[in-house]
Protein chains: 2
Amino acid sequence: MLELAVLGLLHESPLHGYELRQRLKATLGTFRAFSYGSLYPTLRRMRDAGWIAEDEGDAEVVAGAPALTGRRGKVVYKLTAEGKEKLAELLAEAGPSAWEDETFGVHFTLFAQTDPEVRVRILEGRRSRLEERREGVRATLARTRARLDSYTLQLQEHGLESVDREVRWLTELIETERKNTPARSTGTTSKKAARP
Amino acid sequence: MLELAVLGLLHESPLHGYELRQRLKATLGTFRAFSYGSLYPTLRRMRDAGWIAEDEGDAEVVAGAPALTGRRGKVVYKLTAEGKEKLAELLAEAGPSAWEDETFGVHFTLFAQTDPEVRVRILEGRRSRLEERREGVRATLARTRARLDSYTLQLQEHGLESVDREVRWLTELIETERKNTPARSTGTTSKKAARP
DNA sequence: AACGCGATGTATCGCTGCGATACATCGCAG
DNA sequence: CTGCGATGTATCGCAGCGATACATCGCGTT
């Protein structure tokens, strides 16, 4: 899902690997880093897929002595038309893949570029996912509570509270979101709206 | 670090893969699952390394028709002497590897089997690690705040608060821990104590 | 003037773990 | 007697991480 993040970032301006990684750190914050070990291979894959292209141009600015081995200028990437299409497609994605732990954060940072309806759907999906998990854990916990030592119990408690906290956060966001949208009809509008 | 978790679980009683996984879910709770995709290969690796051994015995209880293809009874594993050694070694580990995101939870669930001094050291290490991360994010955030849209900002804020929360939790735990131990001298005892 | 160090920059390698999937058996409810 | 959900073992491809290597640039110190 690094792909989505990269696409989103490049949509604003062309960037090279290093910069991309800085931005990734800046936008994702506490959530993840996306090391170079994933970035560069992904960039290559995306280039091969035709979603992004190398935007040579200011390479000579840096290239003081480019004749060493096989040149070493910075490689600036920018979105292609296909890339933009792909981005739009991924941004419209409001299915389970969007509310998974690893993916949700990325989607969230791109909410400014996301359709309001999709935003709400992702937020709600994420919340259900979390609630499911919480109930699952609670159930297992109820069954096994007796067997567990106090440390493990404390960990469970803490984990459960964390989930609770995120659920509450999401709920607030959803309400704000609803308030800010023209409120198209009440409750579950549904009736689909361009599902791929 | 599934290895540590498995070692810790098997230290209490012999178990087979499926059961191991149930226990893993029960003890780790919200933190992770450890799918079969990691469990079984790990089990094999550990067996090959000599840390665990297959404890055949009640295989015939289940084996109604064992002659099918190449038998299919449950495989019960138990700790070997080497396994116990390895467990003790890993349990004494209080270095950076113990306070990483993925590892910390596992260490924590095994705290009942861990030396009190090591417990405190892990807790403190984890806290510093978190504080470092928080400051790092805060710094980047201060530098880039202006460029970020409100959604991204909210994500940052939420993430930061989560980290804060865990730091507070750890602080409480550390205090409790100190209170419960005979308090060997005051503050940073240090002077080392069997570092591998 | 020389030195080195930290930021910038691209890239690879091995490893851990995940999710999906396959397959087989058992006990039980309809 | 039929099928379904729990029990049980196992593999495959993939994403991402952390460590590492290497090269250049701008900077302040000595």
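The values are calculated or read from the model by the stated rules, or taken from the named source; none is laboratory data. Keep in mind that this is a model prediction, so the values were computed, not measured. Methodologically, a virtual Cβ is constructed for each residue, glycine included, from the backbone with ideal geometry; neighbour enumeration extends over all protein chains shown. The area values use the complete protein model at the heavy-atom level, side chains included, leaving out ligands, DNA and RNA. Shrake-Rupley method; radii C 1.70, N 1.55, O 1.52, S 1.80 Å.
Only residues that are surrounded by fewer than 21 Cβ atoms within 10 Å (Cβ to Cβ) and assigned to a helix (DSSP H, G or I): list them for the range B:25-42, please.
Result: B:25, B:26, B:36, B:37, B:38, B:39, B:40, B:41, B:42.
State all residues of the range A:24-42 that are within 14 Å of DNA strand D (Cβ to nearest atom) and in contact with a Leu (Cβ under 9 Å, 6 or more places away or on another chain); if no residue qualifies, say none.
Passing the criteria: A:24, A:27, A:28, A:29, A:30, A:31, A:32, A:33, A:34, A:38, A:39, A:42.
Whether any residue in the range B:105-121 is closer than 30 Å to residue A:113 by Cβ and either part of a helix (DSSP H, G or I) or among the hydrophobic types (A, V, I, L, M, F, W, C) (or both) is what I want to check.
The answer is no, given that none of the residues of the range B:105-121 is closer than 30 Å to residue A:113 by Cβ and either part of a helix (DSSP H, G or I) or among the hydrophobic types (A, V, I, L, M, F, W, C) (or both).
Mind counting the residues in the range B:12-39 that are over 14 Å from the mean Cα position of the chain (by Cα) and within 9 Å of DNA strand C (Cβ to nearest atom)?
So the count comes out to 5.
Have a look at B:100, B:172, B:117, B:131 and point out the one that is at negative phi, within 11 Å of chain A (Cβ to nearest Cβ) and modelled with pLDDT of 90 or more.
On the way: B:100 fails: within 11 Å of chain A (Cβ to nearest Cβ); B:117 fails: within 11 Å of chain A (Cβ to nearest Cβ); B:131 fails: within 11 Å of chain A (Cβ to nearest Cβ).
When all the criteria are applied, what remains is B:172.
Is one or more of the residues making up the range A:122-141 within 23 Å of residue A:12 (Cα to Cα) and aliphatic (A, V, I, L, M)?
Checked against the condition, which is being within 23 Å of residue A:12 (Cα to Cα) and aliphatic (A, V, I, L, M), the range A:122-141 yields at least one hit.
Just to be sure I understand the filter: pairs with C-beta atoms under 6 Å, separated by 6 or more residues or on different chains, first member in the range A:151-166 and at the interface with chain B (Cβ under 7 Å from one of its Cβ atoms), second member open to solvent by 40 Å² or more (accessible area, probe 1.4 Å) and in a helix (DSSP H, G or I). Which pairs pass?
Correct list of pairs: A:151/B:112.
Looking at this structure, is residue B:89 away from DNA strand C (no atom under 14 Å from the Cβ), at pLDDT below 80 and either assigned by TED's automatic domain parsing to the domain that holds residue B:166 or of a type outside the set (Ser, Thr, Tyr) (or both)?
no
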